[in-house]
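To start, the structure under review is shown below, and the notes come after it.
The values are calculated or read from the model by the stated rules, or taken from the named source; none is laboratory data. Being a predicted model, the structure only gives us computed values, none of them experimental. Note that each Cβ is placed from the backbone with ideal geometry, even for glycine, and that neighbours are counted across all protein chains shown.
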Amino acid sequence: MYARLGMVVPKRLLGRAVDRNRVKRLVRERFRIAQAAIAGHDWLIRLVKAPVGRAEVSADVDVLFREANAD
């Protein structure tokens with residue numbers, strides 16, 4: 001089995017499409033790197049606050065996958 005990913009990045013948090021797409025690209029890349037370790041799960045990631053920068057998005061997603069992998 002393989003892992004699948006769904007994302008919700010609301011327009012009210014990031015008004016510009018460029019910003020929403022950048023967050024999605026960053027999350028997809030982190031997901032691709034961790035995909036072998038989290039195989040067999042479906043993921044739905046919903047942005048609830050606007051990220052400050054690229055490092056914040058990457059760190060948050062890394063923590064999410066690391067915690068899920070520990071279970």
What's the total number of residues in the stretch 1-30 that are part of a loop (DSSP other than H, G, I, E, B) and closer than 17 Å to L64 by Cβ?
2
Across the stretch 31-71, the tally of residues that are of a type in the set (D, E, K, R) and assigned to a loop (DSSP other than H, G, I, E, B) stands at 2
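Report whether or not A3 is of a type in the set (A, V, I, L, M, F, W, C), touching a His at 6+ places or on another chain (Cβ under 6 Å) and surrounded by 12 or more Cβ atoms within 10 Å (Cβ to Cβ). Before you say what the answer is, go through the steps one by one.
Details: of a type in the set (A, V, I, L, M, F, W, C): yes; touching a His at 6+ places or on another chain (Cβ under 6 Å): yes; surrounded by 12 or more Cβ atoms within 10 Å (Cβ to Cβ): yes.
For A3, the condition - of a type in the set (A, V, I, L, M, F, W, C), touching a His at 6+ places or on another chain (Cβ under 6 Å) and surrounded by 12 or more Cβ atoms within 10 Å (Cβ to Cβ) - is met.
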Is it the case that some residue within the stretch 52-69 is touching an Asp or Glu at 6+ places or on another chain (Cβ under 8 Å), surrounded by 10 or more Cβ atoms within 10 Å (Cβ to Cβ) and not aromatic (F, W, Y)?
no
Taking into account only those residues within the stretch 40-58 that are among the aliphatic types (A, V, I, L, M) and modelled with pLDDT of 85 or more, which is farthest from R12 (Cα to Cα)?
L44
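What number of residues within the stretch 24-71 satisfy the criterion of being charged (D, E, K, R) and under 19 Å from Y2 (Cα atoms)?
Restricting attention to the stretch 24-71, the residues satisfying the condition of being charged (D, E, K, R) are 24-25, 28-30, 32, 42, 46, 49, 54, 56, 60, 62, 66-67, 71.
Pick out the ones that are also under 19 Å from Y2 (Cα atoms) and you get 28-30, 32, 42, 62, 66-67, 71.
Residues that pass the stated criteria total 9.
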